[in-house]
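To start, the structure itself, in structure tokens.
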Amino acid sequence: MVAFPGVAPDALSRQIPIETMRGIAVIMLVSYHVVGPAAGTALDISYPHPLRLYADFFVDLRMPFFAFIAGYIYALRPVAPEQYSAFVAGKFRRLYLPGAVAMAAFALCAALLGNRFAVSITEVWQVFVFSYAHFWFLQAILVLFVCVGLVDCLTGHRSAPALLAASCVLYLTDFHFGTRFFSVDSAFYLLPFFLLGVVFLRHAAGIMRESGRLTIVLVVICGASALWNVRIYFETEMLSLARRDLQSLGFGLSACVLAMLWLPRVAWLERLSPYAFTIYLYHVFGTAGMRLLCDRLEINATEPRFVLGVMAGVLLPVLLHRLATRTPFPGHLVLGR
């Protein structure tokens, strides 16, 4: 493990609400898929319903939160040059292998239901190598682990601040390779938030010392970005659809750091943390299953369908996780352990 001056990871982890942040990210993700990305999907909620406003307002924070957490966790145990190949192999074993199992299960269910994610049997291999459903995030994060880890090794773990600045420029230029292969373009979208997590951990002592003045700046940026989005809503009757603009970047980056500085640790949210990866992979089975059950039971009111959907999206993967921990095989295919 590489040490950084002024950083004591064990002591820092007791102060930083990283597990609470992970719990919040999980709830935001599950609730988003319960609401649906747009009217006509999932609960079929359109503007100006409060749940549509909630889902779209926090779109600039949901997956950036996860990326920030991933960068922070990486920085706790950054890869050394002699360990790089083992690091990459370990990430694919612990993340991509269970992800591939979840992708296969999702693709099978999509084919049986004939929904918009269904693929033909001759094209099913594409779900494992191209952006597919919510699994784009897993592929993009793996790209970041591989690439940032390599640059980290080559530069002696000193390049993160410069890379963060460069990644923000790329974010705002909307740079794309124009390929869906392994969600590479989405990796560029997540890169500033991942690197911010790395920088936060490595410069935590200085950030904490300047937390008061830094908070004022961050509140101004976060508030201005939020008001920018509100202005767009009043002008267009929709919140911003842009994902790689200054408003999105400012809101996501500032909110991540503010959460680390001021978010209290919440026990019930932290209890979700050990299940976060399983919830990410399998929550859609719970949310979609509950939606079908509500249809069968003729539960049509939006609010109970939303609450039941979130509960199912969290509890079903938790149950699956607990069952998988009791079986050495195929438990590791679900958990990546």
Within region 109-119, residues touching a helix residue (DSSP H, G or I) at 6+ places or on another chain (Cβ under 9 Å) and either surrounded by fewer than 14 Cβ atoms within 10 Å (Cβ to Cβ) or closer than 18 Å to Gly289 by Cβ (or both) come out as Cys109, Ala110, Ala111, Leu113, Asn115, Arg116, Phe117, Ala118
Could you tell me which of the residues Leu164, Leu150, Leu142 is part of a helix (DSSP H, G or I), at pLDDT 95 or above, closer than 14 Å to Ala70 by Cα and of a type outside the set (Phe, Trp, Tyr)?
-> Leu142
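Would you call Tyr96 farther than 25 Å from Met311 by Cα and crowded, with 17+ Cβ neighbours inside 10 Å?
Working: farther than 25 Å from Met311 by Cα: yes; crowded, with 17+ Cβ neighbours inside 10 Å: yes.
For Tyr96, the condition - farther than 25 Å from Met311 by Cα and crowded, with 17+ Cβ neighbours inside 10 Å - is met.
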For region 39-74, how many residues are without any contact (Cβ under 8 Å) to a residue 24 or more places away in the chain and not β-branched (Val, Ile, Thr)?
-> 7
In this structure, does Arg209 turn out to be within 26 Å of Phe137 (Cα to Cα) and surrounded by fewer than 16 Cβ atoms within 10 Å (Cβ to Cβ)?
-> no
From the residues in region 72-89 that are of a type in the set (Gly, Ala, Ser) and either over 20 Å from the mean Cα position of the chain (by Cα) or closer than 16 Å to Phe128 by Cα (or both), which one is modelled with the lowest pLDDT?
-> Ala80
The lone condition Phe106 fails out of (1) surrounded by fewer than 16 Cβ atoms within 10 Å (Cβ to Cβ); (2) over 17 Å from the mean Cα position of the chain (by Cα); (3) not hydroxyl-bearing (Ser, Thr, Tyr) is (1)
Only one of Pro48, Pro37, Pro78 is touching a Gly at 6+ places or on another chain (Cβ under 9 Å) and of a type outside the set (Gly, Ala, Ser); which?
-> Pro78
What pairs can you find where one residue is in region 75-86 and small (Gly, Ala, Ser) and assigned to a helix (DSSP H, G or I), the other is at pLDDT 90 or above and surrounded by 16 or more Cβ atoms within 10 Å (Cβ to Cβ), and their Cβ atoms are less than 6 Å apart, with a gap of 6+ or different chains?
-> Ala75/Val198; Ala75/Leu201; Ala75/Arg202
Unmet requirement for Thr122, which otherwise passes all of (1) touching a residue at least 60 places away in the same chain (Cβ under 8 Å); (2) part of a helix (DSSP H, G or I); (3) more than 17 Å from the chain's Cα centre (by Cα) | (1)
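The values are calculated or read from the model by the stated rules, or taken from the named source; none is laboratory data. All values derive from a computational prediction rather than experimental measurement. Using ideal geometry, Cβ is built from the backbone for each residue, glycine included, and neighbour counts are taken over all protein chains shown.
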